[in-house]
Amino acid sequence: MSRVGKAPVAIPQGVEVAIHQDVVSVKGALGAMSLTVNPLVKVSSADGKLSFAAIDATSQADALCGTTRQLVNNMVNGVSKGFEKKLSLIGVGYKAAASGNKLNLAVGFSHPVDFVMPEGITVATPTPTEIVVKGADRQRVGQIASEIRAVRPPEPYKGKGIRYADEKVVIKETKKK
């Protein structure tokens, strides 16, 4: 069995976990999420911890056990603490403005680009050149941040564009005669 699958998931204070046949439901302060568990994985709860076990000794069951454990761990962390992705805008005149569930980007096009955030995802702009995407679902937060970055990805010659806050962009040298 994988090392990830063997580790139990601790349930923090204020988080409720319900296991019904093949569905694990997690409810906390930041929302509620559920996951359909593969029949090759057995989920059990004891002493405030969730443990996962493969039903048989196949490599597929072992892999699904580790994957299921990590997905449930992300759900527990999401409803208790939440996830966030930070993006930064690099370029003259590049700016972002968040109002409600909308994000307005001015990134060098002849028109502004508007994003409507789906339910469960919030966006904030602490400064005009920073964007913070927050939510309980780790996958959705990453997907929305990726879609925002795809509007104007960083180009390799000057580094202008939208990038993740911790992303390093390698600047190419220009052609010389």
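Over the Cα atoms of the chain, the radius of gyration divided by the Kirkwood radius equals 1.11; this is the Rg/Rh ratio.
Compared with the dominant principal axis of the Cα atoms in the chain, helix 59-80 is inclined by about 70°. In terms of distances greater than 31 angstrom between alpha carbons, the cross-link table entries Lys134/Lys160; Lys42/Lys86; Lys81/Lys158 yield Lys42/Lys86; Lys81/Lys158.
Measuring r between the beta carbons of Ser99 and Ala29 and using R0 = 25 Å, the FRET efficiency lands at 0.50. The 3J(HN,Hα) values that the Karplus relation (6.51, -1.76, 1.60; θ = phi - 60°) gives for segment 154-164 are, in residue order, x, 8, x, 9, 10, x, 6, x, 9, 9, 5 Hz. Gly and Pro appear as x. For the pair Lys6 and Val132, label points projected 7 Å from Cα toward Cβ lie 3.9 nm apart. Angle of helix 138-151 to the longest C-alpha principal axis of the chain, folded into 0 to 90 degrees and rounded to 10: 20°. Between the residues Asn73, Ile148, Val43, the greatest Cα displacement towards the positive end of the dipole of segment 43-161, with unit charges on the Cβ of Lys, Arg, Asp and Glu, is found for Ile148. Helix-only arithmetic for the chain: the sum of -39500 (n - 2.57) across DSSP H runs with n ≥ 4, divided by the residue total, places the mean residue ellipticity at 222 nm at -7000 deg cm²/dmol.
Considering the chain as a Gaussian network with a 10 Å cut-off on Cα pairs, which listed residue, Asp47, Asp62, Asp22, attains the greatest mean-square fluctuation? Result for the chain, Cα springs under 10 Å: Asp47 fluctuates most. The Cα center of segment 62-76 and the Cα center of segment 120-177 differ in position by 28 Å. Can you classify segment 83-164 as rounded, prolate or oblate using the Cα gyration tensor, where a ≥ b ≥ c are the square roots of its eigenvalues, rounded means a/c under 1.5, and otherwise it's prolate if a/b beats b/c and oblate if not? Verdict is prolate for segment 83-164.
The HN-Hα couplings worked out from phi for segment 125-135 by the Karplus form 6.51 cos²θ - 1.76 cosθ + 1.60 (θ = phi - 60°) are 10, x, 10, x, 10, 10, 10, 10, 9, 10, x Hz, whole numbers, x standing for Gly and Pro.
For Val41, the residues whose modelled amide H falls within less than 5 Å of its own, excluding neighbours fewer than 5 places apart on the same chain, are Ile55.
Each of Phe109 and Lys42 was given a label point 7 Å from its Cα along the Cα-to-Cβ line. The distance between the two points is 5.3 nm. Computed from backbone phi with θ = phi - 60° and the Karplus coefficients 6.51, -1.76 and 1.60, the 3J(HN,Hα) list for segment 33-43 is 9, 9, 9, 7, 8, 4, x, 7, 10, 10, 10 Hz; x is used for glycine and proline.
Using a simple spin-label model with pseudo-atoms 7 Å out from Cα toward Cβ, Lys81 and Lys172 lie 3.9 nm apart.
None of the figures in this text is laboratory data; all of them are computed from the coordinates on show. In this text the structure is predicted, and so the values were computed from the model without any measurement. Ideal geometry is used to build each Cβ from the backbone, glycine not excepted, and the neighbour counts take in all protein chains shown.
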